[in-house]
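Read-outs: derived from the displayed coordinates by stated rules, not from any lab. Note that the structure is predicted; figures quoted are calculated from it, not measured. Note: ideal-geometry Cβ built from the backbone for every residue, glycine included; neighbour counts use all protein chains shown.
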Amino acid sequence: MKRLQLLLLLMVALATGCAAQPSGKPAAVKPHAAAPAIKPWLLPEQRANHDKYYARRATHFGYLPVGSDDIIMLGNSLTDGAEFHELLNNPHVKNRGIVGDIVQGLIDRLDPIVDGHPSKIFILCGVNDVSHDVGADSIARAMEKLIVLIKQRSPQTRIYLQSMLPFNNDVQLWKYLKDREHVVVEGNALLEQVARRQGATWINLYPLFDDGTGRLKAEYTNDGLHLMGAGYIVWRDAIAPYVAE
């Protein structure tokens with residue numbers, strides 16, 4: 001009888017141990033929010049390749065979690081091109097930049113971000129709007145709409161609005177930005193007003209990248225628009241105190 005009881009106990013122990021072991025299969029991935037509708041805002045000749053990239057990036061973000069300790073970098077190709085979590089040595093910093101995006105594009109894909117109620121959002125966007133012949137006042141209105149939405153959906157999130165950077169058509173001609181330098185300057189003046197009006201922190205990056213003639217410093221770019229490594233160091237140093245506060 002004792003042997004039978006011991007055998008039964010052993011069988012129960014083995015069964016319990018097996019049930020506690022992992023199956024070897026990864027847990028099912030549940031999207032943090034529904035993937036946003038894809039509305040790329042690119043020039044027609046760019047769309048063949050970039051639409052696919054935009055879709056990959058935006059739907060990927062729809063499946064990535066955002067938490068209340070996270071710091072979101074939201075923007076266009078300038079943001080997309082940086083490894084901010086490494087630059088800032090902060091694992092809570094998450095990149096949500098996409099090449100070619102405009103302010104309305106940020107609005108369209110905002111849900112997966114604000115649903116997570118991040119601690120901070122840093123926004124830099126607008127130069128692609130300028131290349132679409134959008135005026136400074138329209139850029140500012142769209143940006144104010146974006147900030148209001150963030151405030152409504154995630155009131156505890158601190159918002160940091162960064163100025164547009166200059167570009168440099170002497171390094172490489174961007175024909176849709178030709179003679180549009182003044183729109184960036186005018187737009188930044190209006191964006192600063194938006195930040196003040198909405199209680200967002202204004203970060204004026206423009207003077208750090210201006211060569212004194214309204215152009216992006218040539219040493220920070222190899223195509224007149226996007227940043228090389230040294231440019232990202234300047235950007236990092238400018239925002240690091242705000243990330244840490």
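How much length would be gained if the chain were fully extended between Asp211 and Glu186, taking 0.36 nm per residue of separation minus their Cα-Cα distance, in nm to one decimal? Don't skip to the answer; put the middle values down first.
Details: separation 25, 0.36 × 25 = 9.00 nm, distance 1.75 nm.
Between Asp211 and Glu186, full extension yields 7.2 nm more.
Sort Glu144, Glu186 so the one with the fewest other Cβ atoms within 10 Å of its own Cβ comes first.
By the 10 Å Cβ count, ascending, the order reads Glu186, Glu144.
Going by how many other beta carbons lie within 10 Å of each one, how would you line up Tyr232, Tyr54, fewest first?
Numbers: Tyr232 17, Tyr54 22.
Placing the least packed residue first, the sequence is Tyr232, Tyr54.
How far, in nm, would the chain grow between His132 and Lys145 when pulled straight, counting 0.36 nm per residue and subtracting the alpha carbon separation?
2.8 nm
Relative to the present Cα-Cα distance, how much length would full extension add between Asp69 and Asp51 at 0.36 nm per residue of separation? Provide the component values of the computation, followed by the final result.
Numbers: separation 18, 0.36 × 18 = 6.48 nm, distance 3.13 nm.
Extending this stretch completely gives an extra 3.3 nm.
Cα centroids of segment 184-227 and segment 148-173: how far apart, whole angstrom?
10 Å
Going by C-beta contacts inside 10 Å, put Asp210, Asp69 in order with the fewest on the left. Please list the in-between numbers first.
Details: Asp210 16, Asp69 11.
Result, fewest neighbours first: Asp69, Asp210.
Please state, rounded to one decimal and in Å, the Kirkwood hydrodynamic radius that segment 167-245 gives when every pair of distinct Cα atoms enters the mean of 1/r.
Numbers: mean 1/r = 0.0728 Å⁻¹.
Over segment 167-245, the inverse of the mean reciprocal pair distance is 13.7 Å.
Quickly work out the Trp202-to-Arg236 label distance, labels modelled 7 Å from Cα along the C-beta direction, and quote it in nm with one decimal.
If labels sit at Arg236 and Trp202, their model points lie 2.8 nm apart.
What is the Cα radius of gyration of segment 108-183 over 2.2 N^0.38 Å, N being its residue count? Walk me through the numbers before you get to the answer.
On the way: Rg = 14.8 Å, N = 76, 2.2 N^0.38 = 11.4 Å.
That ratio works out to 1.30.
Residues of segment 95-132 with backbone nitrogen within less than 17 Å of a virtual label 7 Å along the Cα-to-Cβ line of Gln156, please, listed as ranges.
113-121
Please compute P(r) over all alpha-carbon pairs of segment 58-157, binned at 5 Å starting from zero, and give each bin as a whole-number percent.
The calculated distribution, bin by bin, is 3, 13, 24, 25, 19, 11, 4, 0.
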